[in-house]
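Q: I have a structure I would like to understand better, so I am pasting it below and will then ask my questions one at a time.
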Amino acid sequence: MDMRFLREAIRLSREKMEADEGGPFGAVIVRGDRILSRGWNRVTRANDPTAHAEICAIRAACSALDRFDLSGCTLYASCEPCPMCLGAIYWARLDAVVFAATRRDAADAGFDDAFVYRDLSQPIEARAIPFRQALREEALPVLEAWTRKEDRVDY
Ligand SMILES: Nc1nc2[nH]cnc2c(=O)[nH]1
């Protein structure tokens, strides 16, 4: 855990917020003692609800390494990652996450993701956004074909 990198994430969060890029969040991805990528929230600038600081940093690191796997890397974030970013962190196989402000601090600033955590723990029928299932028999053969595809790239 290196405070220099965490401070860089916090510095970015302020700089980009003041530049009207989006919400007040910054992130950096580090391998060894080198910063591979920087990300900041660009939701409002890019009209992209997925453009959270952590997602932007993950995309930039993958692009820099020309890989979709960030094992061996650590993500430093100015704030505790939201549930969407947590999912991306697991899929990117990051080694570790270090964050500064907490999800409670984010909620106090108007970025409340408690409702997502709450909703995720509900059974699917009880979720705030209706999730309906259909046509499983048409989708299943594609998944089965994937398991037989000899040149598939697993991730
Ligand atoms: N950690 C984090 N939390 C958020 N909540 C809303 N946007 C963001 C973001 O970019 N990063």
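Q: Search the range 9-46 for residues being touching a residue at least 40 places away in the same chain (Cβ under 8 Å) and assigned to a loop (DSSP other than H, G, I, E, B), and hand back the single one that is farthest from the ligand (Cβ to nearest atom). Break it down stepwise before answering.
A: So in the range 9-46, the residues touching a residue at least 40 places away in the same chain (Cβ under 8 Å) come out as 9-10, 12-13, 23-31.
With assigned to a loop (DSSP other than H, G, I, E, B) added as a condition, the list becomes 23-25.
Details: Gly23: 5, Pro24: 8, Phe25: 3 Å.
Taking the candidates together, the pick is Pro24.
Q: Starting from residues that are of a type in the set (A, V, I, L, M) and open to solvent by less than 10 Å² (accessible area, probe 1.4 Å), keep the ones in the range 34-76 and report whichever is farthest from Arg11 (Cα to Cα).
A: Of the residues in the range 34-76, the ones of a type in the set (A, V, I, L, M) are 35-36, 43, 46, 51, 53, 55, 57-58, 60-61, 64-65, 70, 75.
Narrowing further to those that are open to solvent by less than 10 Å² (accessible area, probe 1.4 Å): 51, 53, 57, 61, 70, 75.
Details: Ala51: 18, Ala53: 13, Ala57: 15, Ala61: 19, Leu70: 23, Leu75: 15 Å.
Here the residue is Leu70.
Q: When the range 100-149 is examined, which residues are found to be surrounded by 10 or more Cβ atoms within 10 Å (Cβ to Cβ) and either at positive phi or in a strand (DSSP E or B) (or both)?
A: Scanning the range 100-149 gives Ala100, Ala101.
Q: Sticking with this structure for a sec: So which of Leu6, Leu94 ends up being touching a Phe, Trp or Tyr at 6+ places or on another chain (Cβ under 6 Å), surrounded by 13 or more Cβ atoms within 10 Å (Cβ to Cβ) and outside any strand (DSSP E or B)?
A: Values: Leu94 fails: touching a Phe, Trp or Tyr at 6+ places or on another chain (Cβ under 6 Å).
The match here is Leu6.
Q: Based on what the data block shows, is Trp146 more than 16 Å from the ligand (Cβ to nearest atom) and within 12 Å of the chain's Cα centre (by Cα)? Walk me through it before giving the result.
A: On the way: more than 16 Å from the ligand (Cβ to nearest atom): yes; within 12 Å of the chain's Cα centre (by Cα): no.
Considered against the rule, which asks whether it is more than 16 Å from the ligand (Cβ to nearest atom) and within 12 Å of the chain's Cα centre (by Cα), Trp146 comes out as no.
The values are calculated or read from the model by the stated rules, or taken from the named source; none is laboratory data. The structure displayed is predicted, hence computed values, not measured ones. Every residue, glycine as well, gets a Cβ built from its backbone with ideal geometry; the counts of neighbours run over all protein chains shown. Ligands, DNA and RNA are stripped out before the accessible areas are found, and what is left, the full protein with its side chains, is counted by its heavy atoms. Shrake-Rupley method; radii C 1.70, N 1.55, O 1.52, S 1.80 Å.
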